[in-house]
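Asker: Sharing a structure with you now.
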Amino acid sequence: MAQDTAARVPRVTLGSDSRSGHRYIRISGSSGAPVYPTVDLACDGKRWTLALTRSEDGAVYEISRANVELMLSAVECRVFMPDREIVVSRQQLWVAWAGLHLGAGGAAPQMLVGQVVDVIDGQTILVNLGERAETVRYIGINTLETNRKPPSTEPAVGDAVQVNRQLVARQQVRMELDTQERDRDGRLLAYVYVAERMVNAELVRRGSAEVKTVQPNVRHRELFVTLEQEARDNRRGLWADPSEPTTPTPVEPAARQIAETRRGIAPDNSWACPAQQPIKGQATSYMGAGRCVYHVPDGELYGATKAERCYATVEDARQDGCVASRR
């Protein structure tokens, strides 16, 4: 009887398609085990629904790139089925996906969780870890507060200290360590996350910091380089033309201000758009900072995509800041 019970316990495995590189979760069990049209996945308190992609040697649920990034930066993930939940360990995630995703080795980097008690400067914070407090320096960036901006009694628009304080002050943060854990001054070196957003990356995206690569901590260098080029191209922050007035890049969309001018409407539910506005818009992320992708009804991932905004035409989606899905 015990063997029969064990045989019915589902097994969660992580995989990657060798041709497309898409990541997926497979839930398999004994012959005749139920295949669920959806399962829920939760990582560090954020929970979302996965739709069945295909049924072969178990039930396969494809994971979007944005959610792969979220899972790799999480302390813990769990798969929820109608009758049970299964923990997916951080080490299991990294062994399966991190090498493909980040060029990393199989070992999961250490992750610490703490509370920010002080913002020291644009790239340094003081974090309470319960049994101790640590001064934490952001990996891979340099905010250059004193090098690029003239001395002033008033902080400049988009000033790194202000932006950093807005992002992390009094927040619970997750700190992902890299190969070298401390600098020569004894400060902890980390990629710092608030909810889904990596603060290091957000500072670069806003033009409040530039890339500074210091070996051996280079895990997210490619991401930082891409975001710095984006900030340069859009003349944000450090890269703004001093002769032109600047407008701070918002950390979050000011929904009430743009509601009247936005294209599209809210979906009927998480998965469905009305027939008159069938195009789905969904925010993806680079470790958390949102970018909208639109999916047309005949797209490969349309049925497996949750709708956060619905559009009547492709042009409406583009006007609202979305780009086309690659699939």
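No value in this document is a laboratory result; all are computed from the given coordinates. None of the values given here were measured: they were computed from a predicted structure. Backbone-built Cβ (ideal geometry, glycine too); neighbour counts: all protein chains shown.
Asker: Checking the cross-link filter: which aspartates and glutamates have an alpha carbon closer than 17 Å to that of K46, excluding same-chain neighbours under 8 positions apart?
Answerer: Qualifying aspartates and glutamates at Cα under 17 Å: E69, E76, E85, E196, E308.
Asker: Let me ask another. Hand me the GluC sites (Glu not before Pro) from the range 24-95 located in a DSSP loop with no more than 12 other Cβ atoms within 10 Å, in residue order please.
Answerer: Here the sparse-neighbourhood loop sites are E56.
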